[in-house]
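So the structure is just underneath, and the comments pick up after that.
The values are calculated or read from the model by the stated rules, or taken from the named source; none is laboratory data. Quick caveat, the model's predicted, so the values are computed rather than measured. All Cβ positions, glycine included, derive from the backbone under ideal geometry; neighbour counts span all protein chains shown. The protein model used for the area step is the full one, side chains on, heavy atoms only, and it has no ligands, DNA or RNA in it. Shrake-Rupley method; radii C 1.70, N 1.55, O 1.52, S 1.80 Å.
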Amino acid sequence: MLPLLQAVSDGEEHSLSEIRESLANEFNLTEEERAQLLSSGRQSIFTNRVSWAKVYLSQAGLLFSKRRGFFQISPTGMQVIQEQQQRIDIKFLERFPEFIEFRSTRRKSEETITQQPSHEDESQTPEETLESAYQSIRGGLGAELLTRIKEGSPQFFEKLVVELLLKMGYGGSRREAGEALGKSGDEGIDGIIREDRLGLEVVYLQAKKWEGTVGRPEIQKFVGALHGKRARKGVFLTTGTFSSEASAYVDYIDPKVILIDGRQLAELMIDYGVGVTTVTEYQIKRIDTDYFMEE
């Protein structure tokens, strides 16, 4: 991670492929070393490590992106360079609240693995170790998804929301859903989508590309618009987060309103295959005891 940060310390924008080539030359990697693949055979080890280094540095706030496909060092990153650190690792990045938030999870089963396994890690079964690694990869993918979404336009975000809702079984046809979203613009309503294919119930939507925290006032405006439509259900989606007051507010109101923040949005995209592709699959098998039963 330190060599990557140093490589962009000129303050200019860089692409990941450019930095990857620069680092490979700096490390004097041979063609054989550059081509060495992960066990899945789908990606080189070096490409994988550079990509993860970029994700970690970005989540710690040391890198940022103004446009899709390019990134540059942040003022915080420049401060780290000026400190002349000898190494940047996971422990070092934990000094930044943004990175702690990135690494934190809501369920104990999603605790990420560190570079040096603890005593507790050593007591895990192989299945538990695999699950921890899977959750770590999933967390990094979710963070990268959210970064890509924020780099896109509001129109792209609306299109993404349509695609996700269709994959989840809402909206009838793609044409109907596409026409519904982004057309209303009425009193805080961004769009309307069918809850089922027959259209027996509709769901009103608010889709906001948001960097910070959405507070209760914004949700109250949305709820007011729902009342004006005599609507019973609404979904408020954002790339940001919701304040605790906003989350508590929707628990005690009618109509029913579901809040989906950036993290939840990324998780749903992973679960329903929107904006992601499967690289490899692992099957866990066990003994078929019936097969070994002798009559």
Problem - Number of the exception - residue 248 against (1) surrounded by fewer than 17 Cβ atoms within 10 Å (Cβ to Cβ); (2) closer than 15 Å to residue 144 by Cα - result: (2)
Problem - Residue count, the range 157-203 (criterion: modelled with pLDDT of 85 or more and over 23 Å from residue 146 (Cα atoms)) - result: 1
Fill in the blank from the handout: Scanning the range 47-81 residue by residue, those among the hydrophobic types (A, V, I, L, M, F, W, C) and either touching a Lys or Arg at 6+ places or on another chain (Cβ under 6 Å) or open to solvent by less than 30 Å² (accessible area, probe 1.4 Å) (or both) turn out to be 50, 53, 55, 57, 60, 62, 63, 71, 73, 80
Practice task
Would you point out the residue of the range 279-291, among those that are under 32 Å from the mean Cα position of the chain (by Cα) and open to solvent by 90 Å² or more (accessible area, probe 1.4 Å), that is nearest to residue 150 (Cα to Cα)?
Solution key: 281
Practice task
Report yes if residue 23 is under 24 Å from the mean Cα position of the chain (by Cα), closer than 29 Å to residue 277 by Cβ, in a helix (DSSP H, G or I) and modelled with pLDDT of 95 or more, otherwise no.
Solution key: no
Handout entry: Pairs where the first residue, in the range 243-257, is without any contact (Cβ under 8 Å) to a residue 24 or more places away in the chain and the second is in a strand (DSSP E or B) and surrounded by 15 or more Cβ atoms within 10 Å (Cβ to Cβ), C-beta under 9 Å, 6+ apart
Key = 247/259
Completion exercise
Residue pairs qualifying under the 6 Å Cβ cut-off, at least six apart or on distinct chains, with the first in the range 21-35 being open to solvent by less than 70 Å² (accessible area, probe 1.4 Å) and the second being part of a helix (DSSP H, G or I) and aliphatic (A, V, I, L, M), are 22/7; 34/24
Practice task
Could you please tell me which pairs satisfy a Cβ distance under 6 Å, a separation of 6+ or placement on different chains, a first residue in the range 276-295 that is under 30 Å from residue 139 (Cα atoms), and a second residue that is assigned to a helix (DSSP H, G or I)?
Solution key: 276/270
Handout entry: Residues of the range 45-99 that turn out to be in a loop (DSSP other than H, G, I, E, B) and within 15 Å of the chain's Cα centre (by Cα), as a count
Key = 1
Handout entry: For residue 53: the one exception among (1) in contact (Cβ under 8 Å) with a residue 40 or more places away in the chain; (2) under 18 Å from residue 151 (Cβ atoms); (3) out of contact with any His (no Cβ under 6 Å at 6 or more places or on another chain)
Key = (2)
Exercise for the section: Mind listing whichever residues of the range 185-228 are touching a Pro at 6+ places or on another chain (Cβ under 9 Å), outside any strand (DSSP E or B) and surrounded by 15 or more Cβ atoms within 10 Å (Cβ to Cβ)? Expected result: 209, 223, 226
